[in-house]
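A.B. asks: Take a look at the following structure, please.
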Amino acid sequence: MTAVKIIKVLGTSAESWEDAANEAVARANDTIDDIRGVEVEDWTAEVENGAVTEYKATVEVAFPVREGNP
């Protein structure tokens, strides 16, 4: 049986929510081995003067828990 750990990561982008989600996964991948799946939990944005200035995606990242010490 495999245990899976899930963490939340917030990605941001000036371009789109999709880019924000991709940024979250890419940054998580820098420090987490073997990401198995993601779920976008929330889409939000910063707005200034009636225009979106920053897109934000809160992403849950799932990866297996290692047994023992690496």
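A.B. asks: Based on a Kirkwood Rh over C-alpha pairs, give the Stokes-Einstein translational diffusion coefficient of the range 4-64 at 20 °C and viscosity 1.002 mPa s in µm²/s. Can you show the working numbers first?
C.D. replies: Numbers: Rh = 11.7 Å.
In µm²/s, the coefficient rounds to 183.
A.B. asks: Do you know the relative contact order of the chain, to the nearest whole percent, from alpha carbon pairs under 8 angstrom that are 6+ apart?
C.D. replies: Numbers: 141 pairs, mean separation 30.3, N = 70.
Worked out over the chain, it gives 43 percent.
Where a number appears in this text, it was derived from the coordinates with a stated rule and is not lab data. This one's a predicted model, so the numbers in the text were calculated from it and none came from an experiment.
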